[in-house]
Amino acid sequence: MIGSLSAAAAVLLAVSGLAKLRSPAPAAAMITTLLPATRRHRSLWTVAVRAGGTVEVTVGVLVVAVGGRLPAVLLGACYLVFAAVALRLASRAQDTSCGCFGRAASPVGFAHVALDVVCLAVAVIAVMRPVPTGAGLFDHGAVMSATACGQVVLLAWLGYLAITALPALASARRLEAAQ
């Protein structure tokens, strides 16, 4: 079970990294929002976001392809940083987007913080009970392997929706209630 959960956290991380490589501007804007004194260095933040995206993709691939403690530690480190940033953004008075998936319109809220903390907890458990190569997804025959892979994709998709679609839905409901 921890193999599927850590693989889902890794897939979500890798997808986020790919999105930042493709479109780093929203995440760079988020950084300048958190660190206003660095606004004039926004182009440097764009390069840093792309470098971070590369790290995210690499860690995600390592967790699934290699397994073991070190990739789990790296996964945990990524989600620890994300949880800290999400908590800081969620505690601000105005809605601020994280730019996690290259989108500017995903304000950070409780669901985002909760997802990052859950993924951090999964990584900590994976450090204590290392996940084998392939996240152990292919150790139990074809049907079980296909089911485990489906689980990973579904969990990663639900995580994605929790921090992109859920805030948008909540915002639309607040607008509708205000009218």
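None of the figures in this text is laboratory data; all of them are computed from the coordinates on show. Everything numeric in this text was worked out from a predicted model, so none of it was measured. Using ideal geometry, Cβ is built from the backbone for each residue, glycine included, and neighbour counts are taken over all protein chains shown.
Sum -39500 (n - 2.57) across every DSSP H segment of at least 4 residues in the chain, then divide by the residue count to get the 222 nm mean residue ellipticity, nearest 500.
For the chain, the value works out to -25500 deg cm²/dmol.
Select from the chain the helices, each a whole stretch of DSSP H, whose alpha-carbon atoms run 15 Å or more along the helix axis and whose Kyte-Doolittle mean is at least 0.5; answer none if there are none.
What comes out of the filter, once short or polar helices are dropped, is 2-22, 42-65, 69-90, 110-128, 141-163, 165-178.
Using only the alpha carbons of region 32-91, what is the convex hull's orientation-averaged projected area in square nanometres?
4.6 nm²
How would you order 114-125, 8-19 from highest to lowest mean count of nearby Cβ atoms within 10 Å?
Descending packing order for the listed peptides: 8-19, 114-125.
Is the shape of region 73-179 best called rounded, prolate or oblate, per the rule: a/c under 1.5 gives rounded, else a/b larger than b/c gives prolate, else oblate, with a ≥ b ≥ c the square roots of the Cα gyration tensor eigenvalues?
It comes out oblate by the Cα gyration axes.
Which of rounded, prolate or oblate describes region 2-174 when judged by the alpha-carbon gyration tensor and an a/c cut-off of 1.5?
prolate
Which net charge results for the neighbourhood of I163, defined as the other residues with beta-carbon distances under 11 angstrom from its beta-carbon, given Lys and Arg at +1 and Asp and Glu at -1?
Overall, the nearby charge balance is 0.
Points 7 angstrom from Cα along the Cβ direction at L35 and R88: gap in nanometres?
Distance between label points: 0.8 nm.
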